[in-house]
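The values are calculated or read from the model by the stated rules, or taken from the named source; none is laboratory data. As the structure is a prediction and not an experimental result, all values here were calculated from the model. When we count neighbours, we look across all protein chains shown, and the Cβ atoms used for this are built from the backbone with ideal geometry, even at glycine. SASA here: full protein model, heavy atoms, side chains in, ligands and nucleic acids out. Shrake-Rupley method; radii C 1.70, N 1.55, O 1.52, S 1.80 Å.
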Amino acid sequence: VFCLLKLELSGTCNVLVSPLLIFCYTFFFTCRRLGVELGKSVVYQESNSETRVDVKESVRGQDIFIIQTIPRDVNTAIMELLVMAYALKTSCAKNIIGVIPYFPYSKQCKMRKRGSIVCKLLAAMLAKAGLTHIITMDLHQKEIQGFFSFPVDNLRASPFLIQYIQEEIPDYRNAIIVAKSPSAAKRAQSYAERLRLGLAVMHGEANHSESDMADGRQSPPLSRVTTGHTGLELPLMMAKEKPPITVVGDVGGRIAIIIDDIIDDVEDFVAAAEILKERGAYKIYIMATHGLLSADGPRLIEESAIDEVVVTNTVPHEVQKLQCPKIKTVDVSMILAEAIRRIHNGESMAYLFRNIAVDD
């Protein structure tokens, strides 16, 4: 299942595109749009689970594109990407560009108590392995690009999702764009302005979870604590606490479209859908770029008040679609293929960011 693609675009050189997960149909669509043929390489795991890469043809002085979609086994996929990049680097490839539509560990981009910023660590590992450029899509935080010591093209899926809303949602003019949390308000506002629709924001939470305790929400302690100098008293500070879920905006008699970048654990989306139903929304859609849909997410969606979940094919989710007919897919291989072609030919990437809002 693991192989390379040979791509001849301008006639000046050959580009090897290496999909480490050939079963993802994002790869097939991108391959078809570029008119590429399979090259010669093998990626496999030995009996002791070590990853081995064999490149079967010369890549000296060539541009290399490694297409890597991230499946459920994230850590194996990352190791395959690192070993492949290092193998190409030691084979004297000219440029090694990683095409990673969904960048893993992107949610771990901030310090949480005594944790670590894993996203920055992964960026350093990719640079050390030999990557010189990355093409990705809708990073969880745009500031993640600052972790890299080489260029990062953060493409956007919003034009494709907006087109889906306009063409596939009947009476979308009666819809309202909903931000599931205040942190998603800017992204939702960007969609609302381009669709000329209203905006609603959800705030609060249903209950406290263990992760909330871990990130220091219950600190500092309510009592004054003095250490060292007995004359020093810290001011009494109240623990952080969110109110119950509320909706700022009128969703009664409207189609509610929840906008987010990643849908992984679906419990929050299911709870948000229940609240919107109670407030009078008669249809509920969820639009997200990356449909990870972990654990029993498909079953929860099928049993919920959500009418449809629309995600792009940046992440393989064919199994989840079989479990839940409410999940729909939007193809974004067109923009990935165009980004590969433009980088190889030295063309400007500005065309791919036309009509893209700053807050996307």
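Points to keep in mind about this one:
- The DSSP beta bridges internal to region 21-155 are antiparallel in roughly 30% of cases.
- Taken per residue, the accessible surface of region 21-155 reaches 49 Å², heavy atoms only and a 1.4 Å probe.
- Phi to ³J(HN,Hα) by Karplus 6.51 cos²θ - 1.76 cosθ + 1.60 over region 151-161, Hz, x for Gly, Pro: x, 10, 9, 9, 6, 10, 9, 4, x, 6, 5
- Shown for region 21-155: lysine pairs separated by 8 or more places, or found on different chains, whose C-alpha atoms are under 29 Å apart, numbering 25.
- Amide H to amide H distances under 5 Å link Ser181 with Met202, where only residues 5 or more positions off or on other chains count and H is placed in the peptide plane.
- Environment charge of Met79, counting only residues whose C-beta is closer than 13 Å and scoring Lys/Arg +1, Asp/Glu -1: -3
- Taking the accessible area of region 21-155, probe 1.4 Å, and keeping the other protein chains in place, the carbon and sulfur fraction comes to 52%.
- Scanning residues 5 or more positions from Asn95 or on other chains, those with amide H under 5 Å from its amide H are Gln62, Asp63, Ile64, with H placed 1.01 Å from N in the peptide plane.
- Sequence-ordered 3J(HN,Hα) estimates for region 320-327 from the Karplus curve with 6.51, -1.76 and 1.60 and θ = phi - 60° stand at 5, 5, 5, 7, 9, x, 6, 7 Hz, glycine and proline given as x.
- Arg299, Arg112, Arg196, reordered so the largest accessible area comes first (probe 1.4 Å): Arg196, Arg112, Arg299
- Region 240-345, relative contact order [Cα under 8 Å, separation at least 6], %: 23 percent
- Residue ranking by accessible heavy-atom surface, 1.4 Å probe, largest first, among Tyr282, Tyr191, Tyr86, Tyr164 comes out as Tyr86, Tyr282, Tyr164, Tyr191.
- Within the accessible area of region 302-360 (1.4 Å probe), percent carbon and sulfur: 53 percent
- Counted by Cβ distance under 9 Å from Ile169, the other residues give a net charge of -3, where Lys and Arg count +1 and Asp and Glu count -1.
- For Lys328, distant residues with modelled amide H under 5 Å away: Val309, Val310, Val311
- With the whole protein complex present, Glu50 retains an accessible surface near 100 Å², based on a 1.4 Å probe.
- Across region 78-89, rounded Karplus estimates of 3J(HN,Hα) from the backbone phi angles (6.51 cos²θ - 1.76 cosθ + 1.60, θ = phi - 60°) give 5, 5, 4, 5, 5, 5, 4, 4, 5, 4, 6, 4 Hz, Gly and Pro being marked x.
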